[in-house]
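A.B. asks: Pasting a structure here, questions to come.
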């Protein structure tokens, strides 16, 4: 899957992605590994043995993966038929701060926390009333739902696919922006 992603995903093509907290953790881990071969934190994935047996190959692969991940944006504005969408992993700074960022202000650690880690309530409003914010990261299962939650100008599409094999009815959901049609597996 990662090989397909690195060949097909771009910031402006047919397949796009925004950075999430797990990708951010992978960036940090790859940097530590490449610096001092530290595998702590990823032993549960069985990666230690793979890296020990194929050290030079995986160093090159990890450098390419790091480059790919570091090029992914933390957010993306999309205009569909005059409707403004803000796509993020977790949430976004308020309207005024987003304008500053769009005008070139540096993304600081507080901003990164919003984009990657913030958890929001199911009845949240986004401060920019002219924009529909679409996010994940906070499973709708926390609200006893396995469908997207539409609240004012915020849509949470994290329907808990990570919990599918933990006894919950989690699903993977995508939304077609042109008509808000949901696709679920």
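A.B. asks: Which of 4, 117, 29 comes first, and how do the rest follow, when ranked by fewest Cβ neighbours within 10 Å?
C.D. replies: The order, fewest Cβ neighbours first, is 4, 117, 29.
A.B. asks: Who wins for biggest fluctuation among 136, 20, 104 in a Gaussian network model of the chain, springs between alpha carbons below 10 Å?
C.D. replies: Among 136, 20, 104, the largest mean-square fluctuation in the Gaussian network model of the chain belongs to 104.
A.B. asks: Here is a follow-up. Report, in deg cm²/dmol and to the nearest 500, the calculated mean residue ellipticity at 222 nm for the chain, where each DSSP H run with n ≥ 4 adds -39500 (n - 2.57) and the sum is divided by the residue count.
C.D. replies: -10000 deg cm²/dmol
A.B. asks: For each of 165, 58, count neighbouring Cβ atoms within 10 Å of the residue's Cβ, then give the residues from fewest to most.
C.D. replies: Listing 165, 58 from fewest to most nearby Cβ atoms yields 165, 58.
A.B. asks: Determine, for 70, 106, 23, the number of other Cβ atoms within 10 Å of each Cβ, and report the residues in order from fewest to most.
C.D. replies: Ascending Cβ contact count within 10 Å gives the list 106, 70, 23.
A.B. asks: Stick to Cα atoms and the Kirkwood definition of Rh, then tell me Rg/Rh for the chain.
C.D. replies: 0.99
A.B. asks: How would region 61-153 be classified by its alpha-carbon gyration tensor: rounded, prolate or oblate, with rounded meaning a/c under 1.5 and the a/b versus b/c comparison settling the rest?
C.D. replies: Taking the square roots of the gyration eigenvalues as a ≥ b ≥ c, region 61-153 is oblate.
A.B. asks: On to the next question. How much of the DSSP beta bridge set in region 75-184 is antiparallel, as a percent to the nearest 5?
C.D. replies: Of those bridges, close to 60 percent are antiparallel.
A.B. asks: Using a Gaussian network model on the chain with a 10 Å cutoff between Cα atoms, which of 64, 19, 133 fluctuates the most?
C.D. replies: Greatest mean-square fluctuation among the candidates belongs to 64.
Bear in mind that the values in this text are calculations on the coordinates, not laboratory data. Given the structure is predicted, the values throughout are model-derived calculations rather than measurements. All Cβ positions, glycine included, derive from the backbone under ideal geometry; neighbour counts span all protein chains shown.
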